[in-house]
1. Give me the pairs, please: first residue somewhere in the range 201-213 and assigned to a helix (DSSP H, G or I), second residue anywhere and among the aromatic types (Phe, Trp, Tyr), beta-carbon distance under 6 Å, and either six or more positions apart or on two chains.
2. Filtering the range 275-299 down to residues that are crowded, with 23+ Cβ neighbours inside 10 Å and among the small types (Gly, Ala, Ser), which residue is farthest from Asp171 (Cα to Cα)?
3. Could you give every pair whose Cβ atoms fall below 6 Å, whose first residue belongs to the range 278-289 and is closer than 18 Å to Gly167 by Cβ, and whose second residue is in a helix (DSSP H, G or I) and of a type in the set (Asp, Glu), counting only separations of at least 6 or pairs across chains?
4. Would you check which residues across the range 142-172 are in a loop (DSSP other than H, G, I, E, B) and either basic (Lys, Arg) or at positive phi (or both) and list them?
5. From the list Glu40, Glu116, which one is within 39 Å of the chain's Cα centre (by Cα), charged (D, E, K, R), surrounded by 10 or more Cβ atoms within 10 Å (Cβ to Cβ) and at pLDDT 75 or above?
6. Right, Val191: under 21 Å from Ile284 (Cα atoms) and either touching a helix residue (DSSP H, G or I) at 6+ places or on another chain (Cβ under 6 Å) or not in a helix (DSSP H, G or I) (or both) or not?
7. In the range 174-186, how many residues are crowded, with 17+ Cβ neighbours inside 10 Å and either under 24 Å from Ala388 (Cβ atoms) or modelled with pLDDT of 95 or more (or both)?
8. If you go through the range 360-385 one residue at a time, how many are modelled with pLDDT under 95 and either touching a Ser or Thr at 6+ places or on another chain (Cβ under 6 Å) or hydroxyl-bearing (Ser, Thr, Tyr) (or both)?
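The values are calculated or read from the model by the stated rules, or taken from the named source; none is laboratory data. Treat the numbers as computed from the prediction; the structure is a model and nothing was measured. So basically every Cβ, Gly included, is an ideal-geometry build from the backbone, and we count neighbours across all protein chains shown.
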Amino acid sequence: MSFTAPLAYTGANAYAYTGANAYAYTGANAYAYAYGAPMEAYGFDGLPGNPMLAVALGEAHRALRRDVYTDPVASDRWLPGRPLQRRDDVAHIGRLGAQVRQSMAQLELLGALQFEPPGDGVPEGTPAVLWADGGAGGERHFAQLVRMTRPSLDYFRNQLPVVDAQGGIRDARLAEILTQVAPPIAQFASVLNLQAGRHRQTLELLNLALQCTYAVTMRFKLALSCPRPSELSAALMPCIEVPAHAALPAGHAAEAHVTATLLGALAGADDPLRRGLRRVAHRIAENRVVAGLHYPIDNVSGRLLGDAFASYLLAACGQAADWHGGEFDGAGLDPAAAGANVFEAEHAADDGRAHGVGCSALSGFAAPAAARFTVLRAMWAAAQAEWAP
């Protein structure tokens with residue numbers, strides 16, 4: 001007898017199916033069945049699942065209607081006199097799927113932002129600007145959250161030797177580089193004992209924050225359109241595939257520092273632990289330079305973007321009374337100084353929007369009105385509860 005994958009014959013009338021709904025038969029009427037995927041993947045939530053399940057449920061429906069539920073109206077599960085639940089009641093979002101919650105919170109968060117590109121044909125020093133809702137009252141008032149201009153082409157060229165020099169430690173960092181292509185949550189989990197089983201709501205909130213950070217970062221990348229190091233030098237030969245978008249600001253730097261800030265706040269971490277999280281973020285960003293994908297200056301601008309965006313996230317989640325933006329003035333950088341003191345410093349536990357070459361802090365603004373972020377704040381509360389003693 002022969003089988004094709006994922007069904008395998010293991011001898012002595014024993015066989016195993018290793019697909020999504022895995023089971024094994026070991027002979028003599030002994031069998032084992034294991035199912036490890038979420039319920040949605042099994043077909044209970046309208047997603048593709050086990051077609052045999054659909055047939056089984058259909059047969060059960062016919063039998064129950066014939067023997068039990070002969071009158072559908074009499075079997076109404078809605079209790080007499082029970083009203084419809086309140087509209088837009090955020091207390092019920094725990095009943096929703098994770099993807100549904102995240103999409104609603106994403107709408108809240110991105111709806112509070114506006115992006116102003118520099119446009120083509122304007123002076124080179126014209127900034128790209130991310131505006132955020134800074135009105136604490138009923139009226140919206142947009143204020144500048146992040147301003148960025150790009151460095152000159154000569155500045156990038158003068159950083160190429162620095163990128164090339166980092167290639168000497170690629171072998172030592174290769175495992176990190178490869179495992180950090182995807183969002184490197186595991187790097188932070190090893191510091192905080194973050195566990196999927198105990199911190200589901202935390203991971204859900206982080207996923208939302210990273211999705212929004214990614215969207216903002218990509219818009220800045222397009223607006224500034226800075227070349228990758230390998231576009232300027234064929235000798236760099238990056239050790240992994242070069243992403244299909246511009247270099248500055250560095251997305252891994254922005255996302256890693258957002259992750260470090262949010263996890264530190266959720267866990268109520270003390271300063272040493274927050275510094276540890278920031279160090280992880282710093283190393284993640286640095287590894288992208290080692291891989292040949294980024295210039296050091298990309299990480300400076302990416303960290304500033306991540307710190308500013310994290311500041312707004314905390315305010316939107318009700319964890320800060322105000323938020324503070326940051327500016328990266330790449331156009332004002334001297335190309336002659338591109339090779340000196342170019343690596344991002346390992347900052348203290350608090351954000352460093354005013355630290356780094358070309359970086360400065362922008363004015364602060366009051367936290368936006370709570371009513372604009374009801375889903376986001378409910379997600380934060382659920383995540384924070386997972387870190388209670």
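1. Taking only residues 6 or more apart or on different chains, the pairs are Thr213/Phe309.
2. Ala281
3. The qualifying pairs are Asn287/Glu176.
4. Hit for the range 142-172 is Arg150, nothing else.
5. So the residue among Glu40, Glu116 that is within 39 Å of the chain's Cα centre (by Cα), charged (D, E, K, R), surrounded by 10 or more Cβ atoms within 10 Å (Cβ to Cβ) and at pLDDT 75 or above is Glu116.
6. Yes: the conditions hold for Val191.
7. Qualifying residue count for the region: 1.
8. Summing the residues that are modelled with pLDDT under 95 and either touching a Ser or Thr at 6+ places or on another chain (Cβ under 6 Å) or hydroxyl-bearing (Ser, Thr, Tyr) (or both) in the range 360-385 gives 3.
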